[in-house]
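The values are calculated or read from the model by the stated rules, or taken from the named source; none is laboratory data. These figures come from a predicted structure and were not determined experimentally. Every residue, glycine among them, receives a Cβ derived from its backbone with ideal geometry; neighbour counts consider all protein chains shown. To get the accessible areas, we keep the full protein, side chains included, count just its heavy atoms, and leave off ligands, DNA and RNA. Shrake-Rupley method; radii C 1.70, N 1.55, O 1.52, S 1.80 Å.
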Amino acid sequence: MGASDATQQGFAMFISSHSCTGLLSTKPLTYFNAHVKSNKRCSISMKVQLDSRADETFLQIYGVQFKIIYQKQERFKSQFWPCKCERNDGVTGFTSEDRRGADLKDSFSVKSQLLHQATAKKVVAIDEIMQVRHDNGGIIASDDKSASPGATKHASHKKKSSSIDDEAWNLLQESIVYYCGTPVGTIAAKDPTDGNILNYDQVFIRDFIPSGIAFLLKGEYDIVRNFVLHTLQLQSWEKTMDCHSPGQGLMPASFKVRTVPLDGDDTATEEVLDPDFGEAAIGRVAPVDSGLWWIILLRAYGKYSGDLSVQERIDVQTGIKMILKLCLSDGFDMFPTLLVTDGSCMIDRRMGIHGHPLEIQALFYSALLCAREMLTPEDGSADLLRALNNRLIALSFHIREYYWVDMKKLNEIYRYKTEEYSYDAVNKFNIYPDQIPPWLVEWMPDKGGYLIGNLQPAHMDFRFFSLGNLWSIVSSLATSHQSHSILDLIEAKWTDLVADMPFKICYPALDGQEWRIITGSDPKNTPWSYHNAGSWPTLLWQLTVACIKMNRPEIAARAMEVAEKRLSSDKWPEYYDSKSARFIGKQSRLHQTWSIAGFLVAKLLLENPDSAKNLWNEEDAEIVNALNFMTDSSTPRRKRGRKPLKKTYIV
Ligand code: GLC
């Protein structure tokens, strides 16, 4: 809707002072003081932070889109991105909790309810999916639900599961966070029993991904669009920790909508978006995964809604490029994998995953593929695309080749020679065979394998990390054979990885001296708790996408059956503790939004497996060709070694 349409709707907009190029030339931001008036009793004054990289900008206010044209430059700095809402009739303290905001919330939630009712009719019981059996001897349903005595049980299961779905939907609606009356995200947890909220009252980027996908699957696109655009504005925030600023492309870990008194006017308040880039986070961890998830969600938004205009916007294109530049920039590293500090992803505390953790690599690979799909060709982006393509090939070769373990590979490592100084070393990273942990010798199944957690010089972290493995399947970072093998391993190790609640975040737990040294004696990450091999229901959705992609949905359906028994009665905990996930986590929040959303997404995808396609990356033919070329022994290969110098210089 253009400005003229908006006026017809009874709105008028005045730009009271105009743009500037930010305080420093490196900060490509512009700010506006805008005054929006409505003849329907609402008036908003706002300082709007805009992106000067776009030559035209659209501002959405209460669903009405205004085109902003700016002319004059001035210097202005704001700590937040505020939106002051005040009432025309002189009543102050008018925030998004105001009637109009409330009306919008109501209409949003009515729309959701209607959509939910409409799609609820399509429910396919998990039991039906359980009957789909995998050709290679997949999971067999525990009891035959098609037999007539089971029919009543079947019907009651359906009823029970739909009431759980309803509850989950209601809770997800309640978790929505509004900014100036517009839905922009979901709160991390809304635990009615816990007063110590820490930062669980914020919108976390990574936590919103399953919420966003749940909304997309329901046809509720606006909240995702708003989330994507608002977090984009935060990307360029001035962020510093003790005088040091991280890279421009960094996305925040989380943000909060705060209502604060308006400067110089104590009768009015304004809403501000207040991001945390890790400067306030426990341990000051950098959220490397945020930008990668943002790209993945942006692509999913385009695929589900069919609205490609968001990804085509100049400011969005610039946002994508800023993330890519940050990830692709040169450093000291010898490997194509992304080098990060500990706690830079879902595991956001010290857990010995610094270096090149699998989760980040899988998200990185996926984000590169998604970005390549969305980048609009233009002059000057050729170098970036070249770097991106080279990285994709190098990264997939590196992970497939060096992170993979199964019985065969383990036996090779067991017989490795060490201290090989040469360009053609077999044991390139100088792994000492004694590193193979005793648990793995027993644990590795005959059929199946997985990608290890991390690889560094003389170090393989043999722990199984679930999200990294599942997202390697989803993104096609793992080969098709490897993907099936990972699912084979999950089936073979069901009692370790699923047990009483899906899904273990990693396996096994660190304990004893290892726990003391690696976690720094972290009391939250004690063995079989939280990040240290606790069980996280949110992982259900990634498991489901991976299983559907490999045409083995029955594995996810079986996990959902386990989850469904407890999740609602346990009040949707954040995580579970103990080896077989029997306890609700020691410090687990209840009504944790991504547990709710993860469950809903898994449910919706199993009901309509075709809709999962929008979430995965197909294997890329060019990458496969390049990899075949690299690994084909009949291809004459350049003898590795130093390139001969063209000229000899006598110094
Ligand atoms: C914990 C989790 C992190 C999550 C956050 C909010 O810190 O480790 O992954 O984003 O809680 O739920």
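Taking amide hydrogens as modeled 1.01 Å from N in the peptide plane, which residues meet the under 5 Å criterion relative to residue 591, leaving out close sequence neighbours?
Hits under the 5 Å cutoff: 572.
From the P(r) of region 238-371, could you give the percentage of C-alpha pairs in the tail past 26 Å?
32 percent
Of the beta bridges DSSP finds with both residues in region 251-292, what % are antiparallel, to the nearest 5?
Numbers: 9 of 9 bridges.
Roughly 100 percent of the DSSP beta bridges within region 251-292 come out antiparallel.
Which Cα, out of 422, 594, 445, lies furthest along the positive dipole direction of region 164-631 (beta carbon charges, K/R +1, D/E -1)?
Of the listed residues, the answer is 445.
Based on the Cβ-Cβ distance from residue 422 to residue 492, what FRET efficiency comes out when R0 is 35 Å, to the nearest 0.05?
Computed FRET efficiency for residue 422 and residue 492: 0.40.
Quote the relative contact order of region 214-260 in percent (integer), defining contacts as alpha-carbon pairs under 8 Å separated by 6+ residues.
About 27 percent, as a whole number.
With every protein chain present, what is the per residue accessible area of region 164-631 (1.4 Å probe, Å²)?
I get 36 Å² per residue for region 164-631.
In square angstrom, rounded to the nearest 10, how much accessible surface does residue 586 have for a 1.4 Å probe?
Accessible surface of residue 586 is approximately 130 Å².
Kindly report, to the nearest 10 Å², the accessible surface of residue 392 as traced by a 1.4 Å probe over protein heavy atoms only.
0 Å²
Considering only protein heavy atoms, with the full assembly of protein chains and a 1.4 angstrom probe, order 481, 531, 354 by accessible area, largest first.
481, 354, 531
Amide H of residue 177: which non-local residues (sequence gap of 5 or more, or other chain) have their own amide H closer than 5 Å, using H built in the peptide plane?
For residue 177, the qualifying residues are 184, 185, 186, 187.
Roughly how many Å² of residue 497 are accessible to a 1.4 Å probe, to the nearest 10?
Accessible surface of residue 497 is approximately 0 Å².
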